[in-house]
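**Q** Take a look at the following structure, please.
The values are calculated or read from the model by the stated rules, or taken from the named source; none is laboratory data. Just so we're clear, the structure is a prediction, and the values are computed from it rather than from any experiment. Glycine gets a Cβ as well: all are built from the backbone with ideal geometry, and neighbour counts include every protein chain shown. These accessible areas exclude ligands, DNA and RNA; they are computed on the full protein's heavy atoms, side chains included. Shrake-Rupley method; radii C 1.70, N 1.55, O 1.52, S 1.80 Å.
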Amino acid sequence: MNMIIERVRQHFSDSIQTKINTADSLLEVIGMAGKKVAQCLLDGHKIMSCGNGGSACDALHFSGEMLNRFKHERPSLPAIALAADISTLTSIANDYHYNEVFAKQLRALGQAGDLLLAISTSGNSDNVINAIKSAHDRNINVIALTGHDGGKIAEILTGDDIEIRVPAVDTARIQETHLLVIHCICDIVDFQLFDHGEL
């Protein structure tokens, strides 16, 4: 039993350390991303989000916080999780290719001035990369949540995009930290748009 407890303790310790490392290096970048999301909403635009697996869950989590609320009562905010519609996802994957499941939706739903929250722990997810390329084609800026070395996503971002690259290699640690980053962005939106100052 002691070995099991030590494994659990190590997971907690590693997760905490990853978050500390991220805070030490990325606080300003996270703040910039939150302000960019808030400004996008103030300008009357929407946020679209995408990712695979656990990152798809993070994309859904973000849109849920926007459409419902984060911590305080406030009006609903426009957000679309591109991983949410299973009929659309499977039809695009079946008729075209899985690499197009987000890009094809973005080309239909995205408008200049919107934002794309693109989530990939490796930075190498082809369908997320294609979504970013489609976003750029439609004058949509990108906030990318990545990890490790940023992967291919880091190479295609432009000067108007923001990358929040968690300094870790382990997928679980990156995902845990991505969720905290998402909560920070939600808090910044509430603070900037609705003056909810309490933590």
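**Q** Can Met32 be described as in contact (Cβ under 8 Å) with a residue 24 or more places away in the chain and open to solvent by less than 10 Å² (accessible area, probe 1.4 Å)?
**A** Considered against the rule, which asks whether it is in contact (Cβ under 8 Å) with a residue 24 or more places away in the chain and open to solvent by less than 10 Å² (accessible area, probe 1.4 Å), Met32 comes out as no.
**Q** Exactly one condition in (1) within 29 Å of Ser25 (Cα to Cα); (2) modelled with pLDDT of 95 or more is not met by Pro78; state its number.
**A** Result: Pro78 fails condition (1) only.
**Q** For the list (1) open to solvent by 10 Å² or more (accessible area, probe 1.4 Å); (2) within 16 Å of the chain's Cα centre (by Cα), I need the number of the one condition that Ile185 fails.
**A** The single condition Ile185 does not satisfy is (1).
**Q** Quick one: how many residues across the range 1-24 are in contact with a strand residue (DSSP E or B) (Cβ under 8 Å, 6 or more places away or on another chain) and surrounded by fewer than 10 Cβ atoms within 10 Å (Cβ to Cβ)?
**A** 0
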